[in-house]
Structures are given as C-alpha cells and as structure tokens.
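What follows is a single structure, written as structure tokens, with notes after it.
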Amino acid sequence: MIAAVILAGGQATRLGGADKAFVSLNGTPLISHLLARLAPQVEHIAISANGDATRFAAFGLPVLPDLHCGKGPLAGVAAGLAWAADMGATSLLTMPVDTPFIPHNLALRLAPAPAVGCYQGRQHHLAALWPVDCRPMLERFLGPAGQYKVRDFLKLLRARQVSFNAPHDPFLNINTPEDLAAATSLPAA
C-alpha cells in the first residue's frame, strides 16, 4: 500500500511568508489542487506541517509535526515515514504543497520505491516514493549535525530517476509571485 504526505512546512520567504497551502491558484488553494491529483493515487494522505494544525481542519487529514525540527524537508519525510508505518503502508509518496500540476499517474510510475521524479533531466527531490523501511536509515542520516540535503539521502538510497514528459514541468513549484502568475496560464490537465 502507498500512502502520501503533503509537505507544507516551508517558510515561503520568496512569497512574502504566505502559507503556501492556502495561496490561491485560479481561485483554488494550492493544497486543494494537489489533493485532487493525489487522492485517486494513494490510500491515505497526511499533511506535514508545523504551527497551528487546525488551519487544515477542513481537509479532514492528519497533520504531522516535524520529528526533527530544523532539519529541512527531510524532517517532514521522517514524520511521514513514521505515520505511514503506523498505517501499514510499504511506500510513502511525498509532494511539496506548492506543486499543483503533478502527473495523475505519479505513484504508479514511481513504484517500486525508492524512486524520484525528473523532468527534462532535472530531479525534483521531493517528488519521490520512499520505502517505509528506510526510516532507520533516515534517522541515522539526520542524527549528526550537518547539511540535510534530500538529494544526498536519495543518492544513499540509490533511488531510481523516473522521467516524465509533458508540455510543461509537472513538478513546477510555486515559489515566487512570478511563478504563481506563470502557473495561472498553464492548463490543469
């Protein structure tokens, strides 16, 4: 079974500190765009986010705080892996909350784990399928002080790179007001 976690713990400094989950794209919050694409692909979904969890109450999903504060997005991956193990999942699909155009067949194409999505030769480190049993390895990776780069852990896991073809980057991140403006003109399909 594949579970998914939406990574919504970023600072969004380039978007003026806005809560990216609720940034509107064509009248709909980014998290809603992502949920519409994720829900048919996996059996369970959670949100990894710090702060007031009640802001996500309308979605009826578990909200997972980071297990390793200050260690970047891998802290959210670690929280997701712990939750996925409790759900009985064998794999965890991760996606940043600001990626509204993910492929409808992402989970299927990335299976089996470990694998990471790529577009035109660029690896999108958090568009990844992680084996739930890699959690002890991730805990060791996050243990010492240092840099906690997602790409380094994917390399350690020997994650396969899976290329996706599309008219535009299906892993486009909405990081800036310019990204948001450009995304409004992209087709949803």
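Please name all residue pairs, on different chains or six or more residues apart, with Cβ atoms under 6 Å, provided the first residue is in region 160-175 and is under 8 Å from GLY117 (Cβ atoms) and the second residue is modelled with pLDDT of 90 or more and of a type in the set (D, E, K, R).
Close Cβ pairs (under 6 Å, with a partner that is modelled with pLDDT of 90 or more and of a type in the set (D, E, K, R)) amount to VAL162/ARG109.
Go through (1) farther than 19 Å from LEU35 by Cα; (2) at pLDDT below 95; (3) among the hydrophobic types (A, V, I, L, M, F, W, C) for PHE101 and report which single condition fails.
PHE101 satisfies all of (1) farther than 19 Å from LEU35 by Cα; (2) at pLDDT below 95; (3) among the hydrophobic types (A, V, I, L, M, F, W, C) except (1).
Restricting the first residue to region 46-71 and requiring it to be touching a residue at least 40 places away in the same chain (Cβ under 8 Å), which pairs with a second residue that is of a type in the set (Ser, Thr, Tyr) and surrounded by 15 or more Cβ atoms within 10 Å (Cβ to Cβ) meet a Cβ separation below 9 Å and a spacing of at least six or different chains?
SER48/THR94; LEU64/SER48; ASP66/SER48; HIS68/TYR148; LYS71/TYR148
Of these, ALA82, ALA107, ALA113, ALA127, which one is within 16 Å of the chain's Cα centre (by Cα), buried (at least 24 other Cβ atoms within 10 Å of the Cβ) and modelled with pLDDT of 95 or more?
Result of the check over ALA82, ALA107, ALA113, ALA127: ALA127.
Of MET1, MET95, which residue is surrounded by fewer than 20 Cβ atoms within 10 Å (Cβ to Cβ) and within 18 Å of ALA127 (Cα to Cα)?
MET1
State the number of residues belonging to region 41-61 that are among the small types (Gly, Ala, Ser) and within 12 Å of LEU7 (Cβ to Cβ). Reasoning before the result, please.
The first filter runs over region 41-61 and keeps only residues among the small types (Gly, Ala, Ser), leaving 46, 48-49, 51, 53, 57-58, 60.
Add one more test, that the residue is within 12 Å of LEU7 (Cβ to Cβ), and what stays is 46, 48-49.
Qualifying residue count, region 41-61: 3.
Select from region 158-189 the residues that are buried (at least 16 other Cβ atoms within 10 Å of the Cβ) and either among the aromatic types (Phe, Trp, Tyr) or touching a helix residue (DSSP H, G or I) at 6+ places or on another chain (Cβ under 6 Å) (or both) and write down the one among them that is modelled with the lowest pLDDT.
ASN175
Need pairs with beta-carbon distance below 7 Å; first residue more than 14 Å from ILE2 (Cβ to Cβ) and without any contact (Cβ under 8 Å) to a residue 12 or more places away in the chain and within region 29-40, second among the hydrophobic types (A, V, I, L, M, F, W, C) and assigned to a helix (DSSP H, G or I); sequence gap 6+ or separate chains.
These pairs meet every condition: PRO29/ALA21; PRO29/PHE22.
Does PHE141 satisfy the criteria of being assigned to a loop (DSSP other than H, G, I, E, B) and not basic (Lys, Arg)? It would help to see each step written out before you state the result.
On the way: assigned to a loop (DSSP other than H, G, I, E, B): no; not basic (Lys, Arg): yes.
No: the conditions fail for PHE141.
Go through region 38-60 and report how many residues are surrounded by 17 or more Cβ atoms within 10 Å (Cβ to Cβ), modelled with pLDDT of 95 or more and assigned to a loop (DSSP other than H, G, I, E, B).
Adding up the residues that qualify gives 2.
The values are calculated or read from the model by the stated rules, or taken from the named source; none is laboratory data. The shown structure was predicted, so the numbers you read here are calculated from the model rather than taken from an experiment. Cβ: placed from backbone, ideal geometry, glycine included. Neighbour counts: every protein chain shown.
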